Amino acid sequence: MRRDGVLANYDPGSLFCEMLRPGEPPNSALTLLRERLRNLPVESLRQRAADAERDLLARGITFTVYSDATAIDRILPFDLIPRVITADEWQTLEAGVVQRVRALNLFLHDVYHDQKILNDGVVPRELVLGNAGYCRAMAGFHPPHGTYVHVCGTDIIRDKAGRFLVLEDNARTPSGVAYVVENRHMTLRVLSDLMAGLRVRSVDDYGLRLHRAMAEIAPGGVSDPQVVLLSPGIYNSAYFEHVFLAREMGVPLVEGRDLVVEDGRVWMRTTAGLTPVHTIYRRLNDDFLDPDAFRPDSQLGVPGLMDAWRHGTVAIANAVGTGVADDKAVYAYMPRIIHYYLSENAILPNVDTRSCADAEGLAYTLAHLHELVVKPVAESGGYGLLIGPHASAAELDEFRGRLKANPANYISQPMISLSVSPTLCGEGVRARHIDLRPFAVTGRDTWVLPGGLTRVALRPGSLVVNSSQGGGSKDTWVLA
Amino acid sequence: MSEAISTNKHLIARHAGSALWLARYMERIENLARLIDVTKTFARDAEGGRNWLSLLRINGDAAAFFEKHAAPEATRVAEFYLLDAENPTSVQSAIRSAKDNARTLRALISTEMWLQINVFQGRISALSAIDIAAEALSGVCAMLKEGVQAHTGLTEGTFYRDQCWHFYMIGRHLERADQITRLIDTKFDALMPTAVADAVIDAGEWNELLRAAAGYHAYRREYPHGYVAREVAGFLLLNAAFPRSAALSLAQLDWHLTTLRSRYHLRGCAQALERLDHLRTMLASQTVDDILGRGLSPFLDWVQTEVAALHDDIVTQLCGG
């Protein structure tokens, strides 16, 4: 072992380290990988990291940050040390994600039709029907194969004991999958010696699988359906991913202005005139999809799209109105929802969650604020949350006021000490917290891309992995 | 056995327009770099100011320039074209527009093309006053020319030749046809105001003109005896082998439009093809003497107007306006 090797001065302390895994039975692939990391000088890793960063910028593998009038292309910082998931772990994760997606789709179908789960009192009626994500226009509508959530990103964390827990479901337009594939390409470009000879599951066929699912949901009777990817345009912060997915699926990347509804059908404006569109994979929020049905001021959508969809002449993925299922307050009921529809226990447990909407939850949250994480239900991206143990007395007081003013807007969870992975930092290789977002694609059936996006909180001690909050990402290796 | 390319794959009209514009903006950058380079090389004498002024006139920029600057000095003109992001005809504006169009087309162009434009744009936007000082100017022009030529080479080698490529090539040939007529018009106006077509004029001036059009060596090979105004005009306008002649650009344009109509059944080509047919007939049916006899400048103005009208036909009929 080299004294200047990547793992030489690495000490995760009492945190669960995904690389070292003390106490686990030996795994030959992990042993070999650790051996290679021990023999790899930190300086070499640093050099390759610099190469990778330059390469990402040149390739424009970026997201766009807007401040004032300027748009800056930023790369999502990429840490070269991979995150490894063993074959057994993946089996559990995959089964858990598939189970969750099935339950989400059954739940959505139910709340937009018979509402049995509400009538049976399993989930409070008000929580669903009064939810901002509940879309009345969806009532009675049957999407093909009963699939509402065609692409789902499930945020999963690992606690101190190494248990996988679901932190959040993303059932609207989850992003990040392009980085999964691009991170793998980058590993192969600059660090292929680390992977040589190891059997790591491929991530290359995401576009193929997605296209297949999009074809499966196309209106009946169409043999070679025209699929398009609908993007808000080149100034959207996730535009790179839209490009990536359109390219990987081999379909046109369109904007609202390229589509038109005529005679109850959706058409795209091509050099040959109007040609029919059968499936729209949209990366536009519900509100912007159709100015006739939702926000009349939306310039990004397609007037009449909802009507065409409801008449079954076009398929839209993900369906409108899925926001009611990935809501943070509904999340608390997911284990019960899974059991209600599938008569199974959740394979992946939730983080213990209290809704401040009920008096008991609020009282508990207020009493234990200093040890809890409190999140606003309607926010995403890590905004507006309180991490009790890291907050000052003044911040706690201030938050207490906000909580009392609008308790229904908050949920609270115990602070989970996320698992860590060795990560290259300015001062050397250090333990940094990570999470995992696997991507599940559902047409007729559900398929999960092996691995998913591993996000890493680059600031020491930070538990917030969001890219908008200084997070980076890692390549995720699922061992075969 | 060869595999036919699928002709039932549709191209979004807006993307066709972006491909056309991407090519036009990239051509403009090379063209501008070429013009600045030769103007700088040949503008060292007392006539320097006149040469820089003629560069402004080729691009129709004299008025806009004098709103900002007092005299057409080398540094001011270079600044106007190389650094001024507010000037819509500067390389800064051209590369920004090229990149926006490439960004729109990113799922259709090759990864190599995108990467090169992205890096090239970074290099251009980093240019500063030091780079356009007299001693550095040639280096910058070389960098710009090489950047566009790298782009052109990558396009040749990596761009899949379906509909989108045809629209890209249409943009390139429209731009070349436009640029060459502007160049001839401005230079001939300055070089032979009295239209003495057979006059043998100062070799340096012709040298500059032909180098600006990247046609110097080809011209020497074709006409080794010297420079005759009518031969230079004929070469730049009608030569069937010179890659930037008006006649060859229009012939290529014809091939791309015809292919789009026959292979992809794009009915929207009809109007442009009709106009192009007339334009090409007007060029082919006249000798350079005929043209000079009736007046070069009015003829070039007409060609330019028709090239602009062709662009409009193509954009409105095929690219969704």
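Applying the criterion of being more than 30 Å from B:L210 (Cβ to Cβ) and away from chain A (no Cβ under 14 Å) to the residues of segment B:1-33, the residue that is surrounded by the most Cβ atoms within 10 Å (Cβ to Cβ) is B:A4. The number of residues in segment B:110-164 that are loosely packed, with under 14 Cβ neighbours inside 10 Å and within 19 Å of B:H15 (Cβ to Cβ) comes to 4. Tell me which residues, restricted to segment B:166-211, are modelled with pLDDT of 95 or more and touching an Asp or Glu at 6+ places or on another chain (Cβ under 6 Å). Passing the criteria: B:R172, B:E175. Selection of segment A:246-272 for residues being within 13 Å of chain B (Cβ to nearest Cβ) and among the hydrophobic types (A, V, I, L, M, F, W, C) yields A:A246, A:M249, A:V251, A:L253, A:V254, A:L259, A:V260, A:W267, A:M268, A:A272. The residues on offer are B:L266, B:L253, B:L209, and the sole one that is in contact with a Leu (Cβ under 9 Å, 6 or more places away or on another chain), within 14 Å of another protein chain (Cβ to nearest Cβ) and crowded, with 21+ Cβ neighbours inside 10 Å is B:L266. Would you mind stating whether A:V351 is in contact with a strand residue (DSSP E or B) (Cβ under 7 Å, 6 or more places away or on another chain), of a type in the set (V, I, T) and over 22 Å from A:F107 (Cβ atoms)? Here the answer is no, as A:V351 does not meet what is asked.
Looking at segment A:283-313, which of its residues are modelled with pLDDT of 90 or more, closer than 19 Å to A:H242 by Cα and out of contact with any Ser or Thr (no Cβ under 8 Å at 6 or more places or on another chain)? If the condition is that a residue be modelled with pLDDT of 90 or more, closer than 19 Å to A:H242 by Cα and out of contact with any Ser or Thr (no Cβ under 8 Å at 6 or more places or on another chain), then A:D286, A:G301, A:V302 are the ones that fit. Among the conditions (1) at pLDDT below 90; (2) within 14 Å of another protein chain (Cβ to nearest Cβ); (3) touching a Ser or Thr at 6+ places or on another chain (Cβ under 9 Å), B:T41 misses just one, which is (2). Scanning segment A:225-234 for residues that are more than 9 Å from chain B (Cβ to nearest Cβ) and surrounded by fewer than 22 Cβ atoms within 10 Å (Cβ to Cβ) yields A:P225, A:P232.
Within segment A:273-292, the set of residues being within 14 Å of chain B (Cβ to nearest Cβ) and either touching a helix residue (DSSP H, G or I) at 6+ places or on another chain (Cβ under 7 Å) or among the acidic types (D, E) (or both) comprises A:Y281, A:R283. Could you run through segment A:180-224 and say how many residues are touching a strand residue (DSSP E or B) at 6+ places or on another chain (Cβ under 7 Å), in a loop (DSSP other than H, G, I, E, B) and buried (at least 20 other Cβ atoms within 10 Å of the Cβ)? Going through segment A:180-224 one residue at a time, the tally reaches 3.
Among the candidates A:I338, A:I280, A:I347, the residue that is surrounded by fewer than 23 Cβ atoms within 10 Å (Cβ to Cβ), β-branched (V, I, T) and at pLDDT 95 or above is uniquely A:I347. Within segment A:50-80, the set of residues being closer than 16 Å to A:F244 by Cβ, assigned to a strand (DSSP E or B) and at pLDDT 75 or above comprises A:T62, A:F63, A:D73, A:I75, A:F78. In segment A:393-411, the condition of being part of a strand (DSSP E or B) and modelled with pLDDT of 90 or more is met by at least one residue. Taking the numbered list (1) surrounded by fewer than 18 Cβ atoms within 10 Å (Cβ to Cβ); (2) free of Cβ contacts under 8 Å to residues at least 60 places away in the same chain; (3) within 21 Å of A:A171 (Cβ to Cβ) in turn, A:N409 passes all entries but (1). From the list B:T287, B:T316, the one residue that fits, being β-branched (V, I, T) and within 30 Å of A:R257 (Cβ to Cβ), is B:T316.
Listed by position, the strands (runs of 3 or more DSSP E) inside segment A:249-313 whose residues that are not hydrophobic (A, V, I, L, M, F, W, C) number at least 3 are A:265-270, A:273-276, A:279-282. The single residue among B:R221, B:R244, B:R294 that is touching a Gly at 6+ places or on another chain (Cβ under 8 Å) and away from every other protein chain (no Cβ under 14 Å) turns out to be B:R244.
When A:L366, A:L386 are checked against the criterion of being surrounded by 20 or more Cβ atoms within 10 Å (Cβ to Cβ) and not basic (K, R), a single residue qualifies: A:L386. Can you work out which of the residues in segment A:233-250 that are within 20 Å of the chain's Cα centre (by Cα) and among the aliphatic types (A, V, I, L, M) is nearest to A:I72 (Cα to Cα)? So the residue we want is A:A238. Does any residue of segment B:96-105 turn out to be farther than 30 Å from B:Q163 by Cα and out of contact with any helix residue (DSSP H, G or I) (no Cβ under 6 Å at 6 or more places or on another chain)? Looking through segment B:96-105, none of the residues is farther than 30 Å from B:Q163 by Cα and out of contact with any helix residue (DSSP H, G or I) (no Cβ under 6 Å at 6 or more places or on another chain). Looking across segment B:82-108, the residues that are more than 10 Å from chain A (Cβ to nearest Cβ) and part of a loop (DSSP other than H, G, I, E, B) come down to B:D84, B:A85, B:E86, B:N87, B:P88, B:T89, B:S90. In segment A:239-254, the residues that are at positive phi reach residues that are buried (at least 23 other Cβ atoms within 10 Å of the Cβ) with C-beta atoms within less than 9 angstrom, at least six apart or across chains, in these pairs: A:G250/A:V227. Against the numbered list (1) modelled with pLDDT of 90 or more; (2) within 14 Å of chain B (Cβ to nearest Cβ), A:P41 comes up short only at (2).
Of the listed requirements (1) surrounded by 15 or more Cβ atoms within 10 Å (Cβ to Cβ); (2) at negative phi, A:Q91 misses just one: (1). Inside segment A:412-457, can you point out the residues that are within 24 Å of A:P41 (Cα to Cα), among the small types (G, A, S) and in a strand (DSSP E or B)? Scanning segment A:412-457 gives A:S421, A:G428, A:A431, A:A457.
Which numbered condition trips up B:D301, out of (1) out of contact with any helix residue (DSSP H, G or I) (no Cβ under 8 Å at 6 or more places or on another chain); (2) away from every other protein chain (no Cβ under 14 Å); (3) surrounded by 13 or more Cβ atoms within 10 Å (Cβ to Cβ)? The number of the failed condition is (1). Hey, among the residues in segment B:304-321 that are among the β-branched types (V, I, T) and within 14 Å of chain A (Cβ to nearest Cβ), which one's surrounded by the most Cβ atoms within 10 Å (Cβ to Cβ)? Per the criteria, the residue is B:I314.
Being more than 10 Å from chain A (Cβ to nearest Cβ), over 25 Å from B:C164 (Cα atoms) and over 19 Å from the mean Cα position of the chain (by Cα) holds for only one residue in B:A142, B:A133, and it is B:A133.
For residues that are crowded, with 22+ Cβ neighbours inside 10 Å and within 17 Å of the chain's Cα centre (by Cα), scanning just segment A:285-322, find the one that is nearest to A:V111 (Cα to Cα). Checked segment A:285-322; the qualifying residue nearest to A:V111 (Cα to Cα) is A:T322.
The values are calculated or read from the model by the stated rules, or taken from the named source; none is laboratory data. Every value quoted in this text rests on a predicted model; they were computed, and no experiment measured them. All Cβ positions, even for glycine, are placed from backbone atoms using ideal geometry, and neighbour counts span all protein chains on display.
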